[in-house]
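Everything on this sheet refers to the single structure shown next.
The values are calculated or read from the model by the stated rules, or taken from the named source; none is laboratory data. Note that the structure is a prediction, hence the values are computed from the model and not measured. Reconstructed Cβ throughout: ideal geometry from the backbone, glycine too, with neighbour counts over all protein chains shown.
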Amino acid sequence: MNIDSLLQANAAILKWYSPYNFNRNISDAHLLTHTYAILQQHIALNEYVSIDVEGIEYIFIVKKLEWDTNYFGIPTYKLINVLSMSYEFINEATQLFNTNYLPKNAYCFMEVPAEDISTIQALGNASYKLIETRLTYYNNQLHTHNYPRYQVRQATKEDIPSLKKVAATMRNNFDRFHADKTFDMQIADNFLSTYIQNSVAGYANYVMVPNQKNTASNSFLTANYLQEDWDMIQCKISKMVLSAVSASTNKGWYIKLISEMTYHLRDTIGAECIYLNTQATNRAVFSTWEKLGYKLGNTTHVFSFLNK
Ligand SMILES: CC(C)(COP(=O)(O)OP(=O)(O)OC[C@H]1O[C@@H](n2cnc3c(N)ncnc32)[C@H](O)[C@@H]1OP(=O)(O)O)[C@@H](O)C(=O)NCCC(=O)NCCS
């Protein structure tokens with residue numbers, strides 16, 4: 001395997017695997033430098049499998065997720081990319097990947113940009129099912145953000161019990177954990193509770209909650225600053241990640257949190273572009289983003305396979 005030639009040969013598709021590909025102010029060269037660096041890291045860690053079909057090599061970049069494996073009690077694999085000089089036998093290669101590489105009862109998922117139709121069809125042929133369609137929205141006109149201000153603060157560890165409750169009860173039936181029948185609904189609820197707990201404990205750069213008199217702090221929005229990527233992609237970009245708003249005590253707070261986090265990332269961190277994603281079904285969410293000037297940037301599909 002000559003990884004550099006494989007990466008060059010797949011450049012046109014790999015561009016769409018960059019999480020930042022919606023931003024046309026970032027050059028293709030910078031997008032690809034970032035994507036190549038990630039793939040090379042996986043290869044250096046031996047997180048790939050090579051499958052030969054009719055003399056053509058298919059490199060499946062795949063990582064076993066230890067945390068998810070322990071949490072869900074299912075050996076969990078994330079398929080990151082399939083690289084080859086030719087896609088002629090990608091269907092056969094994907095089937096061989098399932099049977100020869102994945103252990104019995106293992107669970108494998110992959111997020112594929114809508115542009116990578118060869119991989120999407122190969123996954124379908126190899127019995128992967130569609131579990132989520134994801135939209136990325138972005139705002140790179142942050143100087144125009146001028147929404148009224150609201151009182152917010154950073155969450156502390158004292159907020160964790162109430163935020164865990166909001167995360168577990170404000171169920172989103174279409175996120176990949178709730179949509180995938182592989183997971184029990186209760187376990188999916190608990191997963192989001194654990195996720196917000198870990199976010200407050202430092203996994204996220206910032207967790208924002210309401211801080212208004214006579215209003216409970218029963219909502220949250222997390223953000224990752226992503227400053228470690230700024231030089232490589234030559235763009236000061238940050239991401240809003242997870243949110244939930246209590247319908248009983250904080251109804252209507254979502255737009256306030258998104259707006260306040262936009263101010264925080266722009267004015268405190270110096271971000272010039274912000275992005276975030278949700279399911280194509282989450283109309284309340286993307287209509288709110290549109291009200292605040294966020295625009296649709298790209299679409300991906302998430303597939304999963306349980307090796308019964
Ligand atoms: C999505 C969520 C954060 C919204 O909380 P909220 O601030 O109380 O939202 P609201 O119910 O006030 O709805 C926000 C806006 O979307 C609109 N909306 C609601 N459902 C809608 C729909 N189906 N289609 C279009 N717009 C819709 C509302 O009318 C409101 O707009 P308005 O203020 O102009 O009337 C909350 O329901 C939640 O926590 N859901 C579960 C977790 C989740 O989905 N998180 C986001 C993941 S990205």
When you look at SER199, is it assigned to a helix (DSSP H, G or I), crowded, with 22+ Cβ neighbours inside 10 Å and without any contact (Cβ under 8 Å) to a residue 60 or more places away in the chain, yes or no? yes
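One line per residue, one yes/no per condition, for (1) among the hydrophobic types (A, V, I, L, M, F, W, C); (2) in the same structural domain as ILE196 (by TED's automatic domain parsing):
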position	(1), (2)
ARG134	no, no
THR144	no, yes
PRO148	no, yes
GLN154	no, yes
LYS157	no, yes
ALA167	yes, yes
ARG176	no, yes
ALA179	yes, yes
Looking at the stretch 222-250, which of the residues that are within 13 Å of the ligand (Cβ to nearest atom) and of a type outside the set (A, V, I, L, M) is nearest to PHE191 (Cα to Cα)? SER243
Return the only residue of LEU135, LEU123 being in contact with a Phe, Trp or Tyr (Cβ under 9 Å, 6 or more places away or on another chain), touching a residue at least 24 places away in the same chain (Cβ under 8 Å), surrounded by 16 or more Cβ atoms within 10 Å (Cβ to Cβ) and assigned to a helix (DSSP H, G or I). LEU123
Condition first: within 13 Å of the ligand (Cβ to nearest atom), crowded, with 20+ Cβ neighbours inside 10 Å and closer than 18 Å to ASN282 by Cβ. Can you find one or more residues in the stretch 209-216 that meet it? no
Out of all the residues in the stretch 125-137, is one or more farther than 30 Å from TYR58 by Cα and either of a type outside the set (A, V, I, L, M) or touching a Pro at 6+ places or on another chain (Cβ under 7 Å) (or both)? yes
Please note which helices (runs of 4 or more DSSP H) are completely contained in the stretch 23-112 and include at least 3 residues that are surrounded by fewer than 16 Cβ atoms within 10 Å (Cβ to Cβ). 28-44, 66-72
Of the residues in the stretch 278-292 that are of a type in the set (A, V, I, L, M, F, W, C) and near the ligand (Cβ under 8 Å from one of its atoms), the one that is nearest to the chain's Cα centre (by Cα) is VAL285
Which residue is nearest to PHE109 (Cα to Cα), if the candidates are limited to the stretch 251-277 and must be within 12 Å of the ligand (Cβ to nearest atom) and surrounded by fewer than 20 Cβ atoms within 10 Å (Cβ to Cβ)? TYR254
